[in-house]
Amino acid sequence: MQINNRKARFNLTIEEEIEAGMMLLGSEVKSLREGKASISESYITEAKGEIFLINANINEYKGANKFNHEPKRPRKLLLHKKQTEKLMGKINIKGHSAVPLKIYFNKKNVAKVLIGIGTGKKLYDKRASIKERDDNRRNQRGED
């Protein structure tokens with residue numbers, strides 16, 4: 001199962017992508033496997049030298065009863081020290097931000113998050129993206 005953040009690629013020009021692990025509870029993993037999550041309003045931030053995923057909504061797992069998790073709790077991301085320093089350096093540059101692009105399970109069945117680092121698009125850039133997408137759709141259909 002894969003959860004995508006379609007808004008991120010539309011609102012940002014993605015310059016770099018980094019794969020990171022996540023510290024999750026068991027009920028969160030089960031909920032992710034069912035595809036019951038949303039990362040459209042979430043973002044990545046730094047606190048005390050660690051990287052966190054903020055505002056990601058992973059719905060409660062029905063079978064967990066009283067051992068359930070809080071849906072919008074901050075989740076620590078697992079990165080190597082060099083990756084953490086690189087990410088913090090990029091985020092601190094004016095105009096740059098880090099957002100999750102997708103959450104997925106790799107070949108070893110470990111939950112990963114793909115982080116995109118980029119700058120915000122201007123209105124005319126967004127219009128160009130829409131025009132390019134429409135042109136590609138027309139070409140796929142075989143229209144002129």
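Search the range 95-105 for residues being modelled with pLDDT of 90 or more and of a type outside the set (A, V, I, L, M), and hand back the single one that is surrounded by the most Cβ atoms within 10 Å (Cβ to Cβ).
Among those residues, the one meeting the criterion is P100.
Does K62 qualify as being modelled with pLDDT under 85, basic (K, R) and farther than 16 Å from V99 by Cβ?
yes
For every residue, the table says whether it meets (1) in contact with a Lys or Arg (Cβ under 7 Å, 6 or more places away or on another chain); (2) touching a residue at least 24 places away in the same chain (Cβ under 8 Å); (3) of a type in the set (D, E, K, R); (4) closer than 18 Å to N106 by Cβ.
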{"position": "F10", "(1), (2), (3), (4)": "yes, yes, no, no"}
{"position": "M23", "(1), (2), (3), (4)": "yes, yes, no, yes"}
{"position": "S40", "(1), (2), (3), (4)": "yes, yes, no, no"}
{"position": "N65", "(1), (2), (3), (4)": "no, no, no, no"}
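Residues that are over 25 Å from T119 (Cα atoms), more than 13 Å from the chain's Cα centre (by Cα) and at pLDDT 85 or above: does the range 41-59 have at least one?
Within the range 41-59, one or more residues are over 25 Å from T119 (Cα atoms), more than 13 Å from the chain's Cα centre (by Cα) and at pLDDT 85 or above.
Could you look through the range 114-130, keep only residues that are of a type in the set (K, R) and outside any loop (DSSP other than H, G, I, E, B), and pick out the one that is farthest from L24 (Cα to Cα)?
R127
In this structure, is I18 under 15 Å from the mean Cα position of the chain (by Cα) and among the β-branched types (V, I, T)?
Yes.
Mind telling me which of the residues H69, H80 ends up being modelled with pLDDT of 90 or more and more than 13 Å from V113 (Cβ to Cβ)?
H80
The values are calculated or read from the model by the stated rules, or taken from the named source; none is laboratory data. Keep in mind the model is a prediction, meaning the values are calculated, not measured. Note that we place each Cβ from the backbone using ideal geometry, even for glycine, and neighbour counts take in every protein chain shown.
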